[in-house]
1. Taking 8 Å as the Cα distance limit and 6 or more residues as the minimum spacing, I'd like the relative contact order of chain C as a percentage.
2. Over segment C:309-564, with the other protein chains present, what is the accessible area per residue in square angstrom, probe 1.4 angstrom?
3. Share of Cα-Cα pairs in segment A:228-380 beyond 28 Å, in percent?
4. Just going by the charge dipole of the protein assembly as shown, with Lys and Arg at +1 and Asp and Glu at -1 on Cβ, which of B:98, A:222, A:344 is farthest out on the positive end?
5. Heads up, I need the accessible area for residue B:174: 1.4 angstrom probe, whole protein in place, Å², nearest 10.
6. Can you flag which of C:46/C:82; A:38/A:328; C:139/C:510 are past 29 Å Cα-Cα?
7. Would you work out the charge dipole size for the protein assembly as shown about its Cα centre, treating the Cβ of every Lys and Arg as +1 and the Cβ of every Asp and Glu as -1, and quote it to the nearest 20 debye?
8. Hey, rough spin-label estimate for residue B:115 and residue A:100, points 7 angstrom out along Cα→Cβ, what's it come to in nanometres?
Amino acid sequence: MIDLYLDLPVWIQSALKGLIVIMVIIPIAGACSLAERKVSAWIQGRPGPNRATVPWVAWIPFFGKFLQRLGVFHLMADGAKFIFKEDVLPGHVNKFYYYLAPLVALVPALCTIVVVPFGAYFDAATETLQPVILANVDVGILAVFAIGSLSVYSLILAGWASNSKYPFLGGVRASAQLISYELSMTLSVIPVFLWVNAPGGNGTLSLFDVVQSQSQPGFLGGMWFVFLMPLCAFVFLVALFAETNRQPFDMPESEADLVGGFHTEYGEFKWSLFFVAEYAHMTIGSGVFVLLFLGGWNPLPWVPLAPLIAGLPIWLGGLIGIGVFLAKSLAFIFLFMWIRWTLPRFRYDQVMTIGWQKLLPLAIGNVIFYALAIAVIERS
Amino acid sequence: MSFKTVERKPLTFAERTYVPQILSGLKTTLRHMVKPKETLEYPETRPIIPDGYRGVPTLVKDPHGREKCVSCQLCEFVCPPKAIRIKPGEISAESDQAHVEKAPEEFDIDMLRCIYCGLCQEVCPEEAIWLQNVFSMSGYTREEMVNDKTRLYELGGTLPDDHFKWDKKKAAEEAGNAAH
Amino acid sequence: MIQPAQPELVTVTIDGKEIAVPKGTNVIEAARLAGTDVPHYCYHPKLSVAGNCRMCLIELGMPMADRATHEPIMDPETGKQKIGWIPHPQIGCATNVVPGMQVKTQSPMVKECREGVMEFLLINHPLDCPICDQAGECKLQEQATGYGRGYSRFIEQKNVKPKRAQLGPRVTLDDERCVLCSRCIRFCQEVAKDDVLGFVDRGSYSTLTCYPGKELKNNYSLNTVDICPVGALTSTDFRFKMRVWFLKQTNSIDTESSVGANTVVWSREGVIYRITPRRNDEVNDTWMADSGRILYKQVQADDRLHQSTVKGQPATLAAVIADAAKLAKAGHVAVVGSGRSSVEEQFLTKRLATTLETETFVVGQTGEGDGLLISADRNPNTRGALVTGLVADVPTAQLDALGAEIDAGRVKTIISVGEDLIAAGLTPAQLDKVALIILSAHGTSTTAVADVVIPTLTVFEKNGTFINQQFRLQKFAQAIPGLTSASNDLVVLDELIAAVGGEASEGDMKSLWKSMGAEIPVFANITYGNLPATGLLLDSSAWDNLNFPEGETLHFKPAAAEASA
């Protein structure tokens, strides 16, 4: 099977890989919406969705009941509902942009996955670890930032095309917030790449190389960057929350003061696309954080993946790599939800103050500090 | 009006970073996540109805099976949303309850109107109408939501009686003035 | 208009308030005039005084005078004449006022007396207000709120007396509830002149009953139910039908005869439950006949008409009116008015006849008068027909003149406003020769053969006025909404007048009475709204020489009898 796959033309291979990734990401995004409801319920002392069931699944003893209690069928029911609901078009909207916005939301979210490695396998021929990735290009993190930022256009478009007050305010907030936090986010990863790009080597922004540099032998080499550069990780984490519009930074949506924010005028499938995009964004953001600071597919600090799977068949090794990475990402997504259902929303002025007056100086100081520190370490 | 100025304690550095508070908040929510759930899963498990609960109004019989309502229509009069409709009737002379003389011929409570205030129970001189522990009343049509006499007695059942005043009345009538 | 003679006034002091009342008034009535209520059971303003309930006990006093010199004894403290209070209470009903009399109705002693009387009355009174029809209009209930103890000290067995006893065809008696006030007995003796009720046994065993072999079955028996202060006497018809506090009261007039007894119609949500008399000292005092109390049943009678028809085929009112107008315009029309129509309807009937330039006829309804509240003329509004000009003389029972006209072929169309022509003496053969337009609330043998039938309303469903045998203009008000399938007589008449080219009224009582006042001299300056509830006596001099069928009844003497007396 593997051989058959490897014999195919490269573009078909890429298309197949792309399809598989989409087919994984979208269900994960969907599952996230269910997880969100379950986690919120558990935190609030409720069982959460647990009623919907499919007859012939319910007949399976124990397991059927378990799935029902888990609310899995609510997810299907929701999906079916979104697809079959009447497609309502408010009379006052700008039709073209109104329909464009949900698509614009989804496209960048799915595009960024191209440069994110989500696993690694051991290539016996070269005796090296190779990334499982759609496009192993050196621009890596730059591409993630560049494309990922485009998603804010969907919010602005949605807010503007809705031709109504609340969505418009939501869109304005989204753009301001994105600009504020994009800076800190970019600055926070500079020390990571300063460390990865040791003098003399090929300059790289590849996320695969970031993980590789966390898989070196020795105390410093095997240390995950979250321990090496905790402040970078913190700034990146805060900015990531702001970028993905999650609580406590979900200014664009902000039900309490903006009804539904940018998606007030949206319904049925178009509305769900925004949420698929948001969760896809969250998934990729979690992945990037895991790659940058949590050692990627390395199961534990100072325990690299490569020696563990060196003797295994290529597909098994690959699956283990992907598995470890997915587990870490999902745990991180859980953190997103956990925080969402713990913290209240900031006021908008607080968001701006934190972004510009607190986080940005901190990120700049952080860059200077690590630049100096790395220079000192490299020199010695 | 007097004012009292409350001194605000300045925030410490740790507080200003929000981080310790966020962490303690996360701890709280995590504790709740693993705690047993509070939710009562309604149709399967039923709530415990406290004494004196004001549920659906019903008509009751006394322990001897006598219909207590004598259709005095006070409940109909007092009912704020005018949910009660009674058509009074006479008990036939052949009945062994003939000494009560009066009983409702029709007794309708429109549950679409009822506000469960309990004034009917409070005003009833015969202790015949009781708001008992049925709290869920539903139907597909307006007609279904009107409880007629049969249904009201079905819902009400029998409640204990303290005085049996009508039985005493009947006994006195049978004994006549010779008894004293 | 006849002015009552100015009675001699007597000044008394009631609870410190001086008031002038007519001589011969008793203390209860004097107190009522002073705005104070003296509770009572046995006293009734229209019956003799029995003084057996003892509820109306009051304190009496007279200004003191020296026995020997008859000099007033002055109180040095106040500078006024000293009052000598009678040390024990007196009953108010049997005490007539004298000048200078002092009355206390609110003193501690009076209150204690009332409480004592109430406690004794309640000893044997059953606690069955929930099933008692009097509840809500029960004097015992009312006084118990003011003077009741709230709980009973009586631990013995209550007396057992007959319950559900049938005193007559229309009256049911519950003896346990009776407080032995004897109002019913006095009514039967004094007003109905049918002495059938009395007490048997003694003390607390006293029991109201009929004399052996007799029944309370006179046509005034239900008045005993009205005057019974408690729930002992109940109407078999109204028994257990509806609590009185739900019933809306509307003033109306008894349509049985030309006496025009004032009534109250008790209805709830468009259903009439009973009719009781309304006090009018000039007409019916506080009484009315039993037969007038069941007239409400005509509202929901099986023979009510629900559909306007043309030759037996259902048609809309507009179509029916158009058809009737076509028939009427063809000429040779006779209009039959009715002594049962209101004055307003008779006025419009007359206007319709004037527009068509035809003759009008009215059917007389006579029966035997009972000398009390049912007169020989069974039309409630024969005087109205005279005043509005429908007829010039007292109408005869039969329409012989109209029959002759038909036979002579001079009448081709008859418009009848509420009269049954076959019952009025026209033969079916005669009716076959003419086109019939009938306005009627109920189906009759005439409506069965009529060409055009328009359903109308009963007296309970409309406003209007009647003129009784005294030429007293009395108004009745709409008690319940009219049948939606029937039309108001006034509306139908108006539309008919308009359809045949006459001048219709503006459709409201105010403007109708304006034109009536303008056209009929005795109605000048009368408006419907200003008519007093007890009626307005009209100037009857224009009709004094007519030969009315009425004999003597309560508060009415025929002109002939008066002249001979």
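1. On the way: 1127 pairs, mean separation 62.5, N = 565.
RCO, chain C: 11 percent.
2. On the way: 10230 Å² over 256 residues.
Accessible surface, normalised per residue, equals 40 Å².
3. On the way: 4377 of 11628 pairs.
Roughly 38 percent, once rounded to a whole number.
4. Most positive-ward Cα: A:222.
5. Here the accessible area works out near 140 Å².
6. Working: C:46/C:82 36 Å; A:38/A:328 19 Å; C:139/C:510 40 Å.
Violating the 29 Å limit, Cα to Cα: C:46/C:82; C:139/C:510.
7. Value, rounded to 20: 3580 debye.
8. In this crude label model, residue B:115 to residue A:100 measures out at 5.5 nm.
The values are calculated or read from the model by the stated rules, or taken from the named source; none is laboratory data. Because the structure is a prediction, the values reported are computed rather than measured. Neighbour counts run over all protein chains shown; Cβ positions are idealised from the backbone, glycine included. The area values use the complete protein model at the heavy-atom level, side chains included, leaving out ligands, DNA and RNA. Shrake-Rupley method; radii C 1.70, N 1.55, O 1.52, S 1.80 Å.
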